[in-house]
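Notes to accompany the following structure.
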Ligand SMILES: [Zn+2]
């Protein structure tokens, strides 16, 4: 499931190929919407005919700046974007095609020229895309997102203050996105392991020091994952249908009943907010 690093990797992968290119046509099936119905704007020049000025990210959302407004894309559970050099008929799980640029040329020096198609694939259909006229940060989906974890203006002290009144488990609070954006089950689980914090501890119980450690762990885990994804940017230009996700090097997530990589104790799993949560009972003690 795409979280901040996967979304960021996709952003870095596609941006050089789509930025400043014109969308000459958008193809989709209006009777098969994803999470949100296709708005009227999808049928006219606000999208088709517009240029893509930039591709940015906020939390797990990809933002495409157009001549007017933005496309806001959430990849849901299984969404991915790929770039096709040659048109192929869309498969069952392909939902939107953006045809980009006429005479695109090899302006990236990457050997790719001519028309390019950006294709949204999402087998589980939990993703969604909307067009929004105003600044994307004002949209209800984005307005309440917490700070970006990689924004260095945000400190462990800030995290501690934000969590002071939060009684839910630290893992659930991280995943909500209101205190800090972009983190889901995988990277919440991994970050808590690296910080040595039990996932079920009520957020307000964490000391200032633990918050500092936790934010540092979050950053290290996210940066490592983005770098891993960054090694295979070329994979976004492909025609064989593989999603652009990279294999994550995970230390505790998905390792239930296996020995902890740090101390050898068997990794346990507990349910938190209906999500399976792996942790090491020795490296992540319940008592701080
Ligand atoms: Zn351990």
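Every number in this text was worked out from the coordinates using simple rules, so none of it is lab data. If you're wondering where the values come from, they're calculated on a predicted model, not measured in any experiment. Note that each Cβ is placed from the backbone with ideal geometry, even for glycine, and that neighbours are counted across all protein chains shown.
Please report, to two decimal places, log10 I(q)/I(0) for the chain at q = 0.14 Å⁻¹ as given by the Debye formula with identical point scatterers on the Cα atoms and no solvent.
Here log10 of I(q) over I(0) equals -1.02.
Tilt of helix 4-18 relative to the longest C-alpha principal axis of the chain, in degrees (0 to 90, nearest 10)?
Helix 4-18 sits roughly 20 degrees off the main axis of the chain.
List the relative contact order of the stretch 4-143 as a percent without decimals, with contacts defined as Cα pairs under 8 Å and 6+ residues apart.
Averaging sequence separation for qualifying contacts and normalising by length gives 29 percent for the stretch 4-143.
In which sequence would 165, 208 go, from the one with the fewest C-beta neighbours within 10 Å to the one with the most?
Details: 165 8, 208 12.
Going from least to most buried by this count: 165, 208.
Ranked highest first by the average count of other Cβ atoms within 10 Å around their residues, in what order do 187-197, 212-222, 273-283 fall?
187-197, 212-222, 273-283
Any chance you could give the angle, 0 to 90 degrees and rounded to 10, that helix 185-195 forms with the longest Cα principal axis of the chain?
It works out to around 40 degrees.
Put a dot 7 Å past each Cα toward the Cβ at residue 88 and residue 167; how far apart are the dots in nm?
Going from the residue 167 label point to the residue 88 one covers 5.3 nm.
Mind jotting down a quarter of the surface of the convex hull over the alpha carbons of the stretch 4-143, in square nanometres, one decimal?
7.8
On a 0 to 90° scale, report how tilted helix 208-229 is relative to the longest principal axis of the chain, with both axes built from alpha carbons and the result rounded to the nearest 10.
Helix 208-229 sits roughly 40 degrees off the main axis of the chain.
Let me have the 222 nm mean residue ellipticity of the chain computed from DSSP H runs of 4+ only, each contributing -39500 (n - 2.57), with the sum over all residues rounded to the nearest 500. Intermediate values should be presented prior to the final figure.
Working: 6 runs with 67 residues, N = 288.
Computed ellipticity for the chain at 222 nm equals -7000 deg cm²/dmol.
Which three extents, in whole angstrom, do the alpha-carbon atoms of the stretch 56-95 cover along their principal axes, largest first?
Between the extreme Cα coordinates on each principal axis of the stretch 56-95 lie 29, 27, 14 Å.
Quote the FRET efficiency, to the nearest 0.05, computed for residue 24 versus residue 134 with a Förster distance R0 of 30 Å and r equal to the Cβ-Cβ distance.
Computed FRET efficiency for residue 24 and residue 134: 0.75.
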